[in-house]
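> Okay, here's the structure, questions in a sec.
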Amino acid sequence: MEPSSGATVTTVKGYACQRRTPLQHHNTLLTDALLVLAENAEFCENEGRSVAFRRAGSVLKALPQAVRKMEDLQGLPCLGGHSQRVIKEILEDGKSREVEMMLQSKQYQAMKALTSIFGVGVKTAERWFREGLQRHTDVVNSGYKLNHTQQAGVQYYDDLNTPVTKAEADAIGQIVEEAVQAVLPGAEITLTGGFRRDKLTGHDVDFLITHPEEGKEEGLMPKVVSWLEARGLLLYQKTNTNSYLESTDGPARPSHNMDRFERCFSIFRLERPHARPEQHPQATCEEQPQDDDSARERRASQSPGWKAVRVDLVVTPVSQFAFALLGWTGSQLFERDLRRWAGQEKHMSLSSHALYDSKQNRYLRASSEEEIFAHLGLEFIPPAERNA
Ligand code: CTP
Ligand code: MN
Ligand code: MN
Ligand code: MN
């Protein structure tokens, strides 16, 4: 298509794993709006629609400049009619009516609040909303029976919804390192997830654990968890043992995207570095003396000397490490498109364990991410540019 005069034409590839997507980009007004539509579609359990809006936003993140007029979108992939309408509205009026209304809607707000409780998915949130619950405090007051995970989610709600900083991630890393060295000297930990993509904050901290000698890592997770628990460092943990070996469907046919490593979803109790000592009532003579509700509330919300932080730990045999590293670094859309590229363009099947070539009927080995990209016929994209 010939661009009309003045249009900035940029070529953007159709799969996120073919593009470089930095953390900072030039179209946040547009991508924030598309993200709201994607979330809303997710709340309506329409995954296809949600992914479509995410893809549209992701393409805009990869552009080298801000979109100023509709012609700038010429030739760009993944921009459906709905996304284009919303972009047009924002370019013309500075905002989208549809998105503004969604942000105001009770349902969107409730779904957002309820799904931000650790352990609460869209289905549960939907049911609770229909039963009249709107925020996490409503859940506490409802007297509903919560599972172990949701109890932790409600109990540590404020901390878990406060972004984890890089400094906190590093502090957690030191604890994990100490735990791992104590139970298996020579084992190695690697920070993955958003922090490996150079994000400054995250909703959790993700680590891979391996040992250079294959097999040495077996049974490591329960030992690490025990070490942490014995020191009172875990507020919550749910450990899954490795089911990869016992499973009948190998990596050639991953039935779902969840990998099957030894893994632990946990909540750490992280000491705050410069926690102020609890204030004495006498010390605050300016304050009203009576012990009213608001005073009690203030004290209750005063941060204790520690913070609850979500941490994901995954143990991998060293032979699968590169696949696990690629699979856990994200972003989620980047991972989704890597697997889609492998299947649709290369007749291969990629998981966090292995890469299977259906044409050659064999697994392709790799000991680095670079080798996996090469097997897939893709240019290597460094982690910091996988923020699709
Ligand atoms: N992942 C996975 N299986 C899960 C959960 C996550 O393979 N059950 C992968 C995701 O594909 C993602 C990576 O692990 O690429 C990290 O997931 P997550 O921690 O949810 O997201 P981050 O990108 O780290 O972003 P955040 O900062 O919000 O944690
Ligand atoms: Mn993460
Ligand atoms: Mn996340
Ligand atoms: Mn995670």
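The values are calculated or read from the model by the stated rules, or taken from the named source; none is laboratory data. All values derive from a computational prediction rather than experimental measurement. Counting neighbours? That spans all protein chains shown, and the Cβs are built from the backbone with ideal geometry, glycine included. Ligands, DNA and RNA are stripped out before the accessible areas are found, and what is left, the full protein with its side chains, is counted by its heavy atoms. Shrake-Rupley method; radii C 1.70, N 1.55, O 1.52, S 1.80 Å.
> Please enumerate the residues belonging to segment 325-354 that are free of Cβ contacts under 8 Å to residues at least 24 places away in the same chain and either under 16 Å from LEU208 (Cα atoms) or touching an Asp or Glu at 6+ places or on another chain (Cβ under 9 Å) (or both).
HIS347
> Can you tell me which of GLY80, GLY57 is open to solvent by 30 Å² or more (accessible area, probe 1.4 Å) and small (Gly, Ala, Ser)?
GLY80
> Here are THR248, THR239: which of them is at pLDDT below 95, more than 15 Å from ligand 2 (Cβ to nearest atom) and assigned by TED's automatic domain parsing to the domain that holds ASP170?
On inspection, the qualifying residue turns out to be THR248.
> What about ALA322, is it free of Cβ contacts under 8 Å to residues at least 60 places away in the same chain, under 26 Å from LYS223 (Cβ atoms), in contact with a helix residue (DSSP H, G or I) (Cβ under 7 Å, 6 or more places away or on another chain) and outside any loop (DSSP other than H, G, I, E, B)?
yes
> Out of segment 313-326, which residues are of a type outside the set (A, V, I, L, M, F, W, C) and open to solvent by less than 10 Å² (accessible area, probe 1.4 Å)?
Within segment 313-326, just THR316 meets the criteria.
> With the condition kept exactly as written, say whether any residue in segment 101-120 is open to solvent by 60 Å² or more (accessible area, probe 1.4 Å), away from ligand 1 (no atom under 15 Å from the Cβ), part of a helix (DSSP H, G or I) and within 23 Å of LEU228 (Cβ to Cβ).
No: zero hits.
> Say we look at segment 157-216 and pick out the residues that are of a type in the set (Lys, Arg) and more than 15 Å from ligand 3 (Cβ to nearest atom); which of these is least open to solvent (accessible area, probe 1.4 Å)?
If we take residues in segment 157-216 being of a type in the set (Lys, Arg) and more than 15 Å from ligand 3 (Cβ to nearest atom), then LYS166 is least open to solvent (accessible area, probe 1.4 Å).
> Of all residues in segment 1-16, how many are modelled with pLDDT of 75 or more and either of a type in the set (Gly, Ala, Ser) or outside any loop (DSSP other than H, G, I, E, B) (or both)?
So the answer is 2.
> Okay, next question. What about ASP159, is it in a helix (DSSP H, G or I) and either within 16 Å of ligand 2 (Cβ to nearest atom) or outside the structural domain of ASN387 (by TED's automatic domain parsing) (or both)?
Yes, satisfied.
Table: residues versus (1) in contact with a His (Cβ under 8 Å, 6 or more places away or on another chain); (2) in the same structural domain as ASN240 (by TED's automatic domain parsing); (3) under 18 Å from SER58 (Cβ atoms).
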| position | (1), (2), (3) |
| --- | --- |
| ALA322 | no, yes, no |
| THR329 | no, yes, yes |
| LEU364 | yes, yes, no |
| SER367 | no, yes, no |
| HIS375 | no, yes, no |
| ARG386 | no, yes, yes |
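> When the residues of segment 344-376 are narrowed to those that are under 19 Å from THR329 (Cα atoms) and assigned to a helix (DSSP H, G or I), which ends up most open to solvent (accessible area, probe 1.4 Å)?
Only one residue fits best here, namely GLU370.
> Report whether or not GLU218 is assigned by TED's automatic domain parsing to the domain that holds LEU350, charged (D, E, K, R), farther than 24 Å from SER331 by Cα and in contact with a helix residue (DSSP H, G or I) (Cβ under 8 Å, 6 or more places away or on another chain).
Taking the combined requirement at face value, the residue does not satisfy it.
> Something else: Would you call LEU63 open to solvent by less than 30 Å² (accessible area, probe 1.4 Å), in a helix (DSSP H, G or I), touching a residue at least 40 places away in the same chain (Cβ under 8 Å) and not polar (S, T, N, Q)?
Taking the combined requirement at face value, the residue does not satisfy it.
> Quick check on my filter: what residues within segment 26-35 are in contact (Cβ under 8 Å) with a residue 60 or more places away in the chain and surrounded by fewer than 20 Cβ atoms within 10 Å (Cβ to Cβ)?
Within segment 26-35, just LEU29 meets the criteria.
> Here is a follow-up. Mind checking whether some residue in segment 17-34 is part of a helix (DSSP H, G or I), in contact with a Phe, Trp or Tyr (Cβ under 7 Å, 6 or more places away or on another chain), closer than 20 Å to LYS95 by Cβ and outside the structural domain of LEU114 (by TED's automatic domain parsing)?
yes
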